[in-house]
Amino acid sequence: MQVSERVKGIAASQSLAMAARAKAMKAAGVDVISMSLGEPDMDTPEHIRRAAQEAIDKGWTHYGPVAGVPSLREAIACSQNSHLRLDIGHLTFEASDVIVSVGAKMAIYNAIQTVVNPGDEVVIPMPSWVSYTEMVKVAGGKVVAIQTKYENRYCLTADELRAALTEKTRMLILCSPNNPTGSIYSYEELKALVEVLREFPQVTVLSDEIYDALIYEGTACSLAEFEELAERLIIVNGVSKAYAMTGWRIGWLMSKNKAFIEACTRLQGQQVTCATMVAQKAAEAALTGSQDCVEAMRQVFAERRELICRLAAEIPGWKFEKPQGAFYLFPNISTLFGKFEIGDCKLVIDNADALAEYLLEEAHVAVVSGSAFGCPDCIRLSYAISTEEIIEAMRRIKRAIENLK
Ligand code: PLP
């Protein structure tokens, strides 16, 4: 059977591939610790699970409105508005500005499909989440990757943005708090980018804010705090990370641009009809119920972050900044690259792929190579695993790296 050129060009997700390899090794009896997946290890809180059970019993089992259950869209708009600082001008969202999708992943995919024409340029600061690039390619867009700098916490600067924008640019994709770096753009950093964007009114900004509940230092700033972007801003968020609801597959996008919302809703109507109704009712319970569960999980991640940073500081050759948000550590490991002899075995480790491979085979710890995120000098470790696993994984990694001589 033919496979379309469009789909032939898509790379498989390296983080999912690494997680699958770790799982297969585990199934074969190898004691592997996986630090490869980006999902909270906690269970979905009980009141949310109960809401889903009630939704089944009450018959929320039919097709629903394409853009989502009205009460959930209302809850999403309220939740977004309540996170914004009131002392400065900002956008105010209404239920009609929201489209609920099958995870933030589909919201992003649909936003790109709705905005980007073949040949359009889409600017993505690297390192970045694995899927943006592939999604742009499927839409026929041209990815313009900007290599950001370690010294800037891998945040895009105004000068870097200006140098990348052309009259062909149609979209800029930003992610804060960031996967894989854990960095958060400050209000001032975003303001400097918005000032550059003034000169390029044809550029839509897609702001992925899926980790905005998981912050350990400073405050998250939403691009919704910049009223001047009103007509060309798409904000993406979801319940996966904040409420430990990855498998429920509920995410959304928000925009004040009515024509975009209308077009994107039309696309979704021909694609999935609507997100799963029972899961939408669970997401509604998550947003409208007590937020104590979010804070409790945030505190658990905050403690693990302290722990992993303390242990990582003892590993030779690792250079990293403490992540400000999300649940990833993204050390630069390039000073370790070289040729090694371990017993009779000769080893060449000259990029992050080779180091990730070595750590899996030698230490039985699965991490994701930075090349998956456009940064082959780094590796990504997820600390969404138990304290005991973090301690054991870091002990094994340290020993394996000390053996590189
Ligand atoms: N955006 C980023 C930066 C992510 O890391 C992820 C998941 O890993 C997503 C979006 C997708 O989230 P969802 O589970 O809502 O599809």
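Each value in this text was obtained by applying a stated rule to the coordinates, not by laboratory testing. Computed from a prediction, not measured in an experiment: that's the story for all the values here. Neighbour counts run over all protein chains shown; Cβ positions are idealised from the backbone, glycine included.
More than 19 Å apart: what percent of Cα pairs in the stretch 1-64 qualify?
Every Cα pair in the stretch 1-64 considered, those over 19 Å come to 64 percent.
Could you let me know the centre-to-centre spacing of the stretch 354-387 and the stretch 271-320, using Cα atoms, in angstrom?
Answer, in whole Å: 20.
Whole percent per 10 Å bin, from 0 to the bin with the longest distance: what is P(r) over all C-alpha pairs of the stretch 43-152?
With a bin width of 10 Å, the distribution comes to 11, 26, 32, 24, 7, 0.
Please determine, in degrees from 0 to 90 and to the nearest 10, the orientation of helix 70-83 with respect to the longest principal axis defined by the Cα atoms of the chain, where the helix direction is its Cα long axis.
Roughly 60 degrees between the two axes.
What does the convex hull of the Cα atoms of the stretch 281-405 come to per residue, in Å³, rounded to a whole number?
Measuring per residue, one finds 119 Å³ for the Cα hull of the stretch 281-405.
When the Kirkwood radius is taken over all Cα pairs of the stretch 116-230, what Stokes-Einstein diffusion coefficient follows at 20 °C and 1.002 mPa s, in µm²/s?
It diffuses with D of about 150 µm²/s by this estimate.
What do you get for the angle between helix 14-27 and the principal long axis of the chain? Use alpha-carbon atoms, 0 to 90 degrees, nearest ten.
Result, in degrees: 60.
Work out the P(r) tail for the stretch 341-405: percent of alpha carbon pairs separated by more than 15 Å, whole number.
Result for the distance tail: 54 percent.
Kindly give Rg over Rh for the stretch 200-287, based on alpha-carbon atoms, with the Kirkwood expression for the hydrodynamic radius.
1.00
Quick check on the chain: what does the Kirkwood estimate of hydrodynamic radius come out to from the alpha carbon pairs, in Å?
22.1 Å
Of the cross-linked pairs LYS137/LYS241; LYS149/LYS256; LYS23/LYS105; LYS105/LYS149, which ones have a Cα-Cα span greater than 28 Å in the structure shown?
Long pairs (Cα-Cα over 28 Å): LYS149/LYS256.
Rounded, prolate or oblate for the stretch 136-180? Axes are the square roots of the Cα gyration tensor eigenvalues, ordered a ≥ b ≥ c, and the cut-off for rounded is a/c under 1.5.
Taking the square roots of the gyration eigenvalues as a ≥ b ≥ c, the stretch 136-180 is oblate.
Angle, helix 103-115 long axis vs. longest principal axis of the chain, Cα atoms, 0 to 90°, nearest 10?
It is inclined by approximately 70 degrees.
Which is farthest toward the positive dipole end of the stretch 266-405 among LEU360, THR387, ALA285, measuring Cα position about the Cα centre, with Cβ charges +1 (Lys, Arg) and -1 (Asp, Glu)?
My answer, from the dipole projection, is ALA285.
From the square roots a ≥ b ≥ c of the eigenvalues of the alpha-carbon gyration tensor of the stretch 224-364, which class results: rounded (a/c under 1.5), prolate (a/b over b/c), or oblate?
Prolate, because a/c is 1.5 or more and a/b exceeds b/c.
Setting aside same-chain residues fewer than 8 positions from LYS405, which lysines have a Cα under 23 Å from its Cα?
Result set, ordered by chain and number: LYS319, LYS339, LYS346.
How many angstrom lie between the Cα centre of the stretch 33-97 and the Cα centre of the stretch 232-268?
The two parts, judged by their Cα centres, are 10 Å apart.
Suppose a student asked you for the relative contact order of the chain, using Cα pairs under 8 Å spaced at least 6 residues apart; what percent would you report?
Normalised by residue count, the contact order of the chain is 23 percent.
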